[in-house]
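In what follows, a structure is listed as structure tokens, so that the remarks can point back to it.
Read-outs: derived from the displayed coordinates by stated rules, not from any lab. Computed from a predicted structure; not experimentally measured. Cβ placement follows ideal geometry from the backbone for every residue including glycine, while neighbour counts extend to all protein chains displayed.
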Amino acid sequence: MVIAASKPTLVVETESGDYLAQASATGERLVDSISQVVRGKRAEIACVIAALAAEGHVLIEDVPGTAKTVLARALAQSVEGVTVARIQCTPDLQPTDITGLSIYNQKTRDFEFRPGPIFSNVVLVDEINRAMPKTQSALLEAMAERQVSVDGVTRPLPEPFLLIATHNPIEHEGTFPLPEAQLDRFLMRTSLGYPDHETELRILDEQRGEHPLRALHPVVQVGALLDLQRAIRHVYVDELLQRWIVSLVQSTRELEFVELGASVRGSLALDRAARAWALLDGRDHVIPEDVERLFGPVIAHRLLFSPSFIATTANLGRDEALGHFWQCCLDQAPRPQ
């Protein structure tokens, strides 16, 4: 396959000038702001902002102490006019603790709805695998349809809405694995990892006094964030690239060591994520490198691998195992030139 060399120039007229350029600048300011607090993880931060731009949600799977919570708080503090909520998952957490419930008001002699923390713009669900399955399921409608149904009444969630969930992969006692249906609701799964030596020294120096979060101020308004989400619809994806995205996702259904491949939701997610990544990179079009960069974070958590593949790659690191999986998909659906 050959991609046409000439790419159409998108012209989106607004009163304030170049719509796409402004949206790209918004994303860049957010990444710069969060990078002041979460040091040495610019690419990972860009993934989270790309998910926000694509109106998706993020699962951060990492060991404790890698700034997962700090990232979510820094994002919320960087946007003026958004609300943020944190849900600390425990085995006794109930669905109504997330969605809210109706309480009888003796003065009005009627039930009134008390919204839960899910009615926020940025919601951090900490250690999501510690919540029981019925509590985890309370998040499904909110993540997929951006609404909550309580007592037969459907209530929309505020815009923008981003859910960041953290998952501790090293502790299994008192935890409940996330079902495939819920994993499929996350646009991306990523990890932050430990900082390098020099970055960790810098963190020690910066946190000698107060935490850098205290000095973080908003850099964009909520309206600019909504414009960023609307702007990715105008990012151009060549038809050959769209065909490649679909072929890559379909290849996951044909590999012998994959028991459950990615669904159409995976194709949609990869397309939107690639558009968002291109916009954050200052481009009005998607290139093959965008798809390659995001294929693992967007697709890998939607799959169910066979026990033989898990056993074979047990001694490999996660990145190496995903690299082998990517190469197998690439053999089935070669990259367009």
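For (1) surrounded by 13 or more Cβ atoms within 10 Å (Cβ to Cβ); (2) of a type outside the set (A, V, I, L, M); (3) farther than 21 Å from VAL31 by Cβ; (4) in contact with a helix residue (DSSP H, G or I) (Cβ under 8 Å, 6 or more places away or on another chain), each residue gets a yes or a no:
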site	(1), (2), (3), (4)
PRO177	no, yes, yes, yes
GLU206	yes, yes, no, yes
ARG214	no, yes, no, no
GLU239	no, yes, yes, no
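With a cut-off of at least 1 residues that are farther than 30 Å from GLU173 by Cα, name the strands (runs of 3 or more DSSP E) lying wholly within the stretch 89-153.
100-105, 110-115, 147-150
What number of residues within the stretch 281-337 are surrounded by fewer than 16 Cβ atoms within 10 Å (Cβ to Cβ), in a loop (DSSP other than H, G, I, E, B) and touching a residue at least 12 places away in the same chain (Cβ under 8 Å)?
6
Scan the stretch 28-61 for residues that are over 14 Å from the mean Cα position of the chain (by Cα) and assigned to a loop (DSSP other than H, G, I, E, B) and jot them down.
Correct list: GLN36, VAL37, VAL38, ARG39, GLY40, LYS41.
Conditions tested, residue by residue: (1) assigned to a helix (DSSP H, G or I); (2) in contact with a Gly (Cβ under 6 Å, 6 or more places away or on another chain); (3) within 30 Å of PRO288 (Cα to Cα).
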{"position": "ARG185", "(1), (2), (3)": "no, no, yes"}
{"position": "ILE203", "(1), (2), (3)": "yes, no, no"}
{"position": "ARG214", "(1), (2), (3)": "yes, no, no"}
{"position": "ALA224", "(1), (2), (3)": "yes, no, yes"}
{"position": "GLN229", "(1), (2), (3)": "yes, no, yes"}
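So which residues in the stretch 259-280 are of a type outside the set (Gly, Ala, Ser), surrounded by 18 or more Cβ atoms within 10 Å (Cβ to Cβ) and touching a residue at least 60 places away in the same chain (Cβ under 8 Å), if there are any at all?
ARG272, ARG275, TRP277, LEU279, LEU280
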